[in-house]
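Have a look at the structure below before the remarks.
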Amino acid sequence: MRLLSVPENKIHFDDFLLDFGRFQLSRGGEPLKLEGLPLQLLMFLVEKQGQLVTREQIADALWGKDVFVDVEQGINTAIRKIRMVLDDNSGQPQYLQTVVGRGYRFIARTHVEVEEDPVIAGTVSAEELGRAIMTAAGLDPANPLSTPKAPPKNES
């Protein structure tokens, strides 16, 4: 089994949360039990939201080309498990649409929750950074041409 690329995003749809970083699906804040392969398939379909994903693309993404398993049965089982946990109906789908003979499409509206990068959230202006560097070097930011302050002497 191959691992898909895993962004650190959290994807919301209806009252579900698909947390790529934690590799977890939850509903209303409660984690749901969904095995690894079906969860990977759900993540793959959500990443391709609105696009037709063929069975060949699914097989390649989840197993690769040189694998000797019953891929068709594996896909069918994974789709069935996803539908069960999402309480989705194949006849009137809210989440997974079957395109007969072709593949599947994730059709629910999603919202991506991107966590703020603490490095970006704590940014300072170039001017503030310059003042901090000057102060650390013993210079007076208000009078940069002055003589540097001598560090305090250690009296023992």
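The values are calculated or read from the model by the stated rules, or taken from the named source; none is laboratory data. None of the values given here were measured: they were computed from a predicted structure. Neighbour counts run over all protein chains shown; Cβ positions are idealised from the backbone, glycine included. Quick note on the areas: whole protein, heavy atoms, side chains included, nothing else; ligands and nucleic acids left out. Shrake-Rupley method; radii C 1.70, N 1.55, O 1.52, S 1.80 Å.
A few points about this structure:
- Any chance Phe20 is touching a Pro at 6+ places or on another chain (Cβ under 6 Å) and of a type outside the set (Lys, Arg): yes
- Test: residue in segment 110-127 that is open to solvent by less than 80 Å² (accessible area, probe 1.4 Å), assigned to a helix (DSSP H, G or I), modelled with pLDDT of 95 or more and not basic (Lys, Arg): no
- Residues (open to solvent by 30 Å² or more (accessible area, probe 1.4 Å) and either among the β-branched types (Val, Ile, Thr) or in a loop (DSSP other than H, G, I, E, B) (or both)) located in segment 86-105: Asp87, Asn89, Ser90, Gly91, Gln92, Pro93, Gln94, Thr98, Val99, Val100, Gly101, Arg102
- Scan segment 37-70 for residues that are part of a helix (DSSP H, G or I) and open to solvent by 30 Å² or more (accessible area, probe 1.4 Å) and the total you get is 6.
- Of all residues making up segment 21-36, the number that are in contact with a strand residue (DSSP E or B) (Cβ under 8 Å, 6 or more places away or on another chain), open to solvent by 60 Å² or more (accessible area, probe 1.4 Å) and closer than 18 Å to Gln94 by Cβ: 1
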